[in-house]
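Single-structure report; data block below.
We did not get these values from a lab; they are worked out from the coordinates using the rules stated. Just so it is clear, the structure is predicted and the values come from calculations on it, not from any experiment.
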Amino acid sequence: MMNVLNFIGEIIKSNGFALTVLISSSIIKIYLLKKLIPLGFTSSVIRIPWFLLLSILIGSLFGDIAWVIKLIHKLFLFDKPYTIVVFWTRISWAFVIIQYQSFGLFIESFFLKSFSLNNRHKITVLCSTIYSLYFFVIAFFDSNLTDIASRDHARTITDPFLIPLEIRAMRHAILLIFFLHIIPSAISMLHRLRKNELPMLLKHQIKIIICYLFTPYVCVEAMLAMQYLSQVTQHNFTAMQHNFTAIVAVSTIFITYAVAYCMHTITKLRFLNTTSQVESPYSDNFIYNFKTLLEACSHITKKSELTELTKNFFEQTFAIHPDDTTLIICSDGAYSNSLKAVPTPHHTEILIKQFLSNADQEHYLKKQKILLYNEIEFSQFYQDTPLNNALLEFLKTLNAEMFIPVYQHGIVIAYIIINRQKNGLYGNHKQDEIIVFARYLK
């Protein structure tokens, strides 16, 4: 058993393993960029967070490229000049600063209706610009510390007055990342969450970003920073380098998976308003439940039976408690004549008729066929229009998570109202199932 673990450990520490991981990571990030870039040209997208997210991915990609070049040189081109490795290392440090500046601004901007730089942001941007420009300048114009021996020796110097400026800038850059970007942005994000002013969809997005993007980044960078900032001597520098490559390889796997999973999950929740609906998978049970529904519909003669059928459908398909489902039959609709029950004309029906008397609201309802509180709340957060406000106020007045009209020949004959739910996220396929059910109710 120990031999197997030692073997796995040696593989992880090998340069070949690190090279494979970093090349794979670069390919995945290029793929994510390919998927993300076209989204910025859709009319509804929130462009500032989109641009910052692009900067994060591009900065991370340059870091991977620098490591790939370094490992290729170490494995295959060790007899070639080291200047190309130094060039890309310096470029990658410039992009690391850009990456984390963008990361800090991103987690503060994407949950704001409109974002502008405050004084703290301007200071951090200025510091980041100076640091990035420094690394860009020395990448193109500085010929010092461009061979392996001089760079390795420079990293082992412990006298603060003798440490070269480039090495000092690298170490200070790590402190800049934590104390000017990550920590203030995290505090701002958590403060905003505590205020409870955000739509539920946006809160879900933030939780995913905290768990699967922010936390992994902070943990990995803290681990790398401790390794990089530790005072080393010539005696233990070689061992540290060997372990550092393994740490980079493992952390790259961790971060790449976290980024890919986060992007895959969060885009289904209308991330950056790129889609008009939450995405959800098809339900395997829907066809079976719907067959049962069709059979039951043919035997209905009373309103109470229709109400019971509606409650059962939402309970079995969406786990909604029957008490939270209400079917209202219009007093002047076809159902009121065909079903053996007196409809219940109360203030809710009057409120709904007033709502439908507005041409824009009626047109929207006919087009969408369903109103979902969390979807409209999210749309209203980014697009504060009179229509979105009216739709949201209508659902708030009804205390409704969703409102589903039942049409017959273009006329509303009944409504289904679902009370507010704690975690009311219903994706596009679930919405389709509800709309199909409403069509067959008529």
What's the extension gain from LEU387 to ILE123 if we count 0.36 nm per residue and subtract their Cα-Cα distance?
91.1 nm
Using the structure shown, list the pairs from LYS207/LYS422; LYS13/LYS74; LYS303/LYS422; LYS203/LYS422 with a Cα-Cα distance above 19 Å, or answer none.
LYS303/LYS422
More than 14 angstrom separation, counting every C-alpha pair in region 382-442; what % is that?
65 percent
Rg over Rh of region 14-74, using C-alpha atoms and the Kirkwood radius, what does it come to?
1.13
In terms of the ratio Rg/(2.2 N^0.38 Å) built on C-alpha atoms, what value belongs to region 16-116?
1.28
